[in-house]
Structure formats: structure tokens, C-alpha cells
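The values are calculated or read from the model by the stated rules, or taken from the named source; none is laboratory data. Quantities reported herein were computed from a predicted structural model and do not represent experimental measurements. Glycine gets a Cβ as well: all are built from the backbone with ideal geometry, and neighbour counts include every protein chain shown.
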Amino acid sequence: MNEMIAVQDLVKNYGEFCAVNHIAFTVPEGKIFGFLGPNGAGKTTTIKMLTTVLDPTSGKILVNGHDPTREQKQVRRSFGIVFQDPSLDDELTAYENLDLHGVLYGVPHGERKKRIDMLIDFVGLGDRKKNFVKEFSGGMKRRLEVARALLHKPRILFLDEPTVGLDPQTRNHIWGYIQQLSKDENVTVFFTTHYMEEADRVANEVAVIDHGKIVAQSTPTELKEKTACATLEDAFITLTGHAIRAEEANATDRMRMIGRAWRGGGRR
Amino acid sequence: MRAIYILCVRQLKRYIRSPARIIGSLGQPILFLIALGFGLRAMFARAGQGNYINFLSPGIVSMAILFNAVFSGIEIIWDRQFGFLKETLVAPVSRLEIVLGRMLGGAIVAFVQGLVVFVICLIAGFRFVTSPYLPLAIFFMFMIALLFAGIGTVFGSVLQDMQGFPLIINFLIMPLFFFSGAIFAANGLPRVLGILLRLNPLSYGVDGLRGALINQFAFGLTTDLAVVTILTAFLLAIGSYFFSKIQL
């Protein structure tokens, strides 16, 4: 079986701080891979390196057979991504956001229109496609981002906490579709989540990362057996401990506050 | 090409959809036009220098372009903080196309704002002269826009958040404007001020624009054309370089 993602001895240091510490894993084509870990464990940093927007300190990465530090275009063409934080243009409409994405990814005009209509209906925003994204709730934005990530038919899907703020109906609906894609079209899925029952349900394989190191990697069932726990959540806590992790408020959070104050609040 | 085009269109859409921003950014040029233009008009005439509104207006138009162009570059910080930048950085297009689209879009917006201020100047009493140089006014306006979109892009790429923003206003934009010959003539200045003026890229844009509009050059058309063209090309390159180095 093809390895869609292969990581060897990957390291990312920020000055003294080691965010990702010699990790290695592979994700076979068509599999759903859950990347689990407490806040600040190194999940998002790893995704950034896999998706070409952050250079590793050392180590080797292959995404769809290409090196993200050198063959960026080939890598970027291979994947779609739902980021942890919002990444839509609030001043554009839902349709325009998807259209811009389609143009950037070179989806031809006719097909673009068809796929946008199909996907926007799929995430239940069909009647809101001409509305500005700034009028959307957090959940609606999330759904739109999922639709956008699928628009150019990527071989790999990166989902960084994709279901935060979504109701169970939407979560099930979206995971159902993603599982279908992985089964029917052999799309590889790499996702992070804090919902352990979600990981248990959808992931073919999970890796648990803590303090920048992978502490366990297997199928969810094996993980539960190994730790002698009934649920994946208990297994996760057994592996990573009870301590609550501090995550510093970053510049983005501060800016969001300023932005809200500037635009007079109420718009969100 | 398609990336340049769509990102350019995005910027234009954002511009026309935000009337508050359009009107807001007209405030400062109008204030300067009225306060300086009408305030100093009598003195300027008494000194035998002619009509101050005619002298000042090209400077005010340049100011509007300068502000809007630099801001368009700094918008990268907003896009970074609000996430949209990521969406463009993972797309399978080169960073060069992304940054060119952004700079071009920002420059067009700044240029249009310049045109709006130009019309306001006409209303305030500005009269240009018909000379063979007149078409060059458009050229100089657009070059000023591109040049400073490039400078704004450098700052937008390097700064992580808006904390540095007042710094840019007070130590970059304001000095660029005041020491550009926008509000006073480049000739007969104290030595240091004269040097500052000649080191300021905006001075050549203002001089070129003023020359094209009222046929009064301080540095000469050839110098203005050469300096502005070379600097614009240079800053587009520098802006692209800094943008391409962005890591998330």
C-alpha cells in the first residue's frame, strides 16, 4: 500500500523550546489517521510542517511522495485543509470564498461552479451562499471551511480540530461524508481532535503526541487494550496524565479582541 | 496569472464594499487641503509664489495614495491574524503570484482613492494646466501606489501583530509625507531638510505628479521618471522577497 504521509525523525525547535521532538510515523493511502494530544503537544506545529507553511528544524517528510520544503507546489496540490483557526475572508460571501479557492487551485470554471453548488448544499449552506461570511456563526464558518477543503478533490485531507463548535448532527454528517470519501475515493485523512469518542469512531489508526513526542501509535482498539481502559478518553489520560496544559494566549487572540472592538462587536 | 487576478479582484471587492473605509481615508487629505491650502494661500501669494492650492493639490493626492498603499500592504497583518493568509499560503501557486496580486490590488485601490482626492481638489479650486506631460500624471499616481504598496508589504510581512502599527504611522508614513515636498517647495531648503527630501522616494513621485499637472518640476522629468520607475521595481522585488519568507 502507498504511503501518503511519511515522517522520519522530525524536529521543530523554537529557540530553546522543542515543539516537535524526533517524531516518526506513516499514513497509508486511504486511511483515516487521528493525531491526538493535549493542548500545546505539537499537533498544529506538525500539521504546519506537513502543509509547507513551516520549515522543520530537521528530519524528513514526504507528502504524496513529495518533500514539503522543496516540492511545495506538488505537495500543496495534493491536500485540502481545515485549519484550527478560522481562515475565511469575512468580507466576501460564502460563494466567493469557495470560488476564490477554486481559482487558486486551478479548478476549471464549469466544474468549479458545479462543485461549489454541490458542496455548499452538502454542508447545508445552499440558501446562504450569497451572504457575507461575517454574518455566519462559528459553526457555519466551520462547515464552509470543510466544503472549501474538499472543493479541489484533494488526495489528502488535513483536518485540525475540524468539528469544534459543530452540533452532533453536523459532526456526524461531515464525518459520514469523509469516511465515504476515504472508502470510495481512497482519500487519506489526517486529523486532530480533542473529542476522543470521535477519534475512536472514525480513525483507523491513532498516534498520541505529548510534549513533542509520540507516546503511542496503534489502532484505537489496540490502544484501549494496551492501557486496559474501556474508552479512548481513559486511555488518552493514562498516556498523557491528568495535568492541565497551559497554552499561552497568542497574538491572534489579542488581535481578535481588538478587531471585535473596532468593528463594534455585534457582527459575529 | 489566475492567482494574481483573483487576489486583485478580492482587494477591489473589499474596497468597494466598505464605504466607511473609503470615506474615512478621505478625511485626512481633506483636512490638510483645507487647513494648509486655504490657511497658507494668502501668505504663499504674498511671497510671490502664485496659487498655493495649485501647488499643494498634487501633494495631497500623493498623500492619499501613500496612506492607502502602505495600508494595503499592512493588511497582510490582518489577514495573518484573521486567518485568510493561511488559505493563500497553502494554495498551489507561487508566493510571487500571491504577493503580486496583493500589491497590484492594493495599488489599484490606492490609485482610485487618489483619483477621488483629485476630484475633491478640483472642487476646492485646483486647476491643472494642459501640457504634453498631463498623461504622465496617471503614470506617476500609479507608480506611487505600487511603490508604497511594496513598502507596506515589507512591513506587513515582517510584523507579527498590530502593535507596531503606530510606529509605522509616526516614523514612516508621516515623515515620508512631510519631507516629500508635498506641502512646500523642494528648492531653497535648509541643507539637512534638502537632503532628507532627496532621500525620500515620495519626493520624486510628488515632483513628477506636480510637474505633470502644473508643469513645475523641481528635479526634472527625467530624474523623476527614472527614480520612481527604478525604485518601484526595486520595492516590488523587496516586498515579494519578504512576503515569500513568511512562516506561520
- Filter result for residue A:146 (β-branched (Val, Ile, Thr) and out of contact with any Lys or Arg (no Cβ under 6 Å at 6 or more places or on another chain)): yes
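Could you please find all residues in the range A:175-205 being among the aromatic types (Phe, Trp, Tyr) and either farther than 16 Å from residue A:154 by Cβ or in contact (Cβ under 8 Å) with a residue 60 or more places away in the chain (or both)?
As a first pass, look at the range A:175-205 and keep what is among the aromatic types (Phe, Trp, Tyr): A:175, A:177, A:190-191, A:195.
Of everything in the range A:175-205, those that are among the aromatic types (Phe, Trp, Tyr) and either farther than 16 Å from residue A:154 by Cβ or in contact (Cβ under 8 Å) with a residue 60 or more places away in the chain (or both) turn out to be A:175, A:190, A:191, A:195.
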- Message: Out of everything in the range B:94-104 that is buried (at least 24 other Cβ atoms within 10 Å of the Cβ) and among the hydrophobic types (A, V, I, L, M, F, W, C), what residue ends up being farthest from the other protein chains (Cβ to nearest Cβ)?
- Response: B:103
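Between B:42, B:69, B:47, which is among the small types (Gly, Ala, Ser) and modelled with pLDDT of 95 or more? I'd like the intermediate steps shown before the answer.
Values: B:42 fails: modelled with pLDDT of 95 or more; B:47 fails: modelled with pLDDT of 95 or more.
Criteria check complete, one pass: B:69.
Take residues that are under 17 Å from the mean Cα position of the chain (by Cα) and closer than 21 Å to residue B:213 by Cα and tell me which of the helices (runs of 4 or more DSSP H) falling wholly in the range B:1-78 contain 3 or more.
Values: elements: B:2-16, B:19-32, B:41-46.
Per the criteria, B:19-32.
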- Query: Would the range A:101-118 turn up any residue that is within 19 Å of the chain's Cα centre (by Cα) and free of Cβ contacts under 8 Å to residues at least 40 places away in the same chain?
  - Reply: no
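Rundown of residues vs (1) in a helix (DSSP H, G or I); (2) over 30 Å from residue A:99 (Cβ atoms); (3) charged (D, E, K, R), yes/no style:
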position	(1), (2), (3)
B:80	yes, no, yes
B:88	yes, no, no
B:92	no, no, no
B:106	yes, no, no
B:117	yes, yes, no
B:122	yes, yes, no
B:138	yes, yes, no
B:145	yes, no, no
B:152	yes, no, no
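Against the condition surrounded by 18 or more Cβ atoms within 10 Å (Cβ to Cβ), out of contact with any helix residue (DSSP H, G or I) (no Cβ under 7 Å at 6 or more places or on another chain), assigned to a helix (DSSP H, G or I) and modelled with pLDDT under 95, how does residue A:142 come out, does it pass?
So residue A:142 passes the test.
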- Scanning the range A:166-222 residue by residue, those buried (at least 19 other Cβ atoms within 10 Å of the Cβ), assigned to a loop (DSSP other than H, G, I, E, B) and among the β-branched types (Val, Ile, Thr) turn out to be A:187, A:193
- Query: Only one of B:2, B:46, B:10 is more than 10 Å from chain A (Cβ to nearest Cβ) and on the phi < 0 side of the Ramachandran plot; which?
  - Reply: B:46
- What are the pairs, 6+ residues apart or on separate chains, where a residue within the range A:232-246 that is closer than 11 Å to residue A:210 by Cβ has its Cβ under 9 Å from a residue that is of a type in the set (Ser, Thr, Tyr)? A:236/A:227; A:239/A:227
- Query: Quick check: is even one residue across the range A:56-68 in contact (Cβ under 8 Å) with a residue 60 or more places away in the chain and in contact with a strand residue (DSSP E or B) (Cβ under 7 Å, 6 or more places away or on another chain)?
  - Reply: yes
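Do you know which residues across the range A:50-105 are in a helix (DSSP H, G or I), more than 10 Å from every other protein chain (Cβ to nearest Cβ) and not hydroxyl-bearing (Ser, Thr, Tyr)?
Going through the range A:50-105, the residues in a helix (DSSP H, G or I) turn out to be A:50, A:72-78, A:94-104.
Within this subset, residues satisfying the condition of being more than 10 Å from every other protein chain (Cβ to nearest Cβ) are A:50, A:94-95, A:98.
Correct list: A:50, A:94, A:98.
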